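Here's the structure we're looking at; comments come further down.
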Amino acid sequence: MAEFTSDWFTNNIPNFEHVKTNVIENLGSIDSILEIGSHEGRSTCWVLENMLSDTGSITCIDPFANDHINPFTDQLGAQGSEWELRFRRNTAEAKKPTQKLTVHVALSYPTLAQMVVDKKQFDFIYIDGNHCCDNVLADAVMAWSLLKPGGIMLFDDYLYEDLPDVLDRGKIAIDAFCTCFTRQIDWYILNYQLAIGKKITKEKI
């Protein structure tokens, strides 16, 4: 049985259901997912069981380390943390035999950069990593280039206000990103989370 010590996900299920409906409407199925920030795997497990196609693949990026690690300057320590081990146990129970799960125990910044170089593409991207605005902006810009036209990108904690310094929250970075990329964006969800889609542009004849 899956084991979790916290639940920051269940109240977001209606948003994920809405995303699922729209991605399938746009692309036909959800065969590739990228998750930035996985913690114990509660969202990952739900996606494996309820969103990803039976033969689809999900890629997760998480250092499974201190929440305040800086992806631009800090070095990742030893692997095998309690969070990582719990994540692996939980997702092993949820994953169907025909699904593929790839885990990068790593920082998002260099990992996403390599994915951009490798021209990876995903139907759905969930951003729930480091919440400092500089990190969120870097994740958003690189992840956007990995999102297929018709795909949807969902930001967690868009309205997070628990920390007093706005630079420790993601909203101003997400707003800046959306302003710069607004011509490419379709809007899907605006509540505590924010979901945007990449427009499908029609080729000129």
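Rule-based calculations on the coordinates, nothing more; no lab input. Every value quoted in this text rests on a predicted model; they were computed, and no experiment measured them. Note that we place each Cβ from the backbone using ideal geometry, even for glycine, and neighbour counts take in every protein chain shown.
So which chymotrypsin sites (Phe, Trp or Tyr not before Pro) in region 85-136 end up in coil per DSSP with only 11 or fewer other C-beta atoms within 10 Å? Listed in order of number, the matching sites amount to none. Per residue, the convex hull spanned by the alpha carbons of the chain comes to 128 Å³. Amide H contacts of G150 (H built 1.01 Å from N, in plane; Pro and chain starts excluded): K198, K199, I200 sit under 5 Å, all sequence-distant by 5 or more or on other chains. Whole angstrom only: what separates the Cα centroid of region 178-199 from the Cα centroid of region 104-147? Spelled out, the Cα-based centre of one part sits 16 Å from the other.
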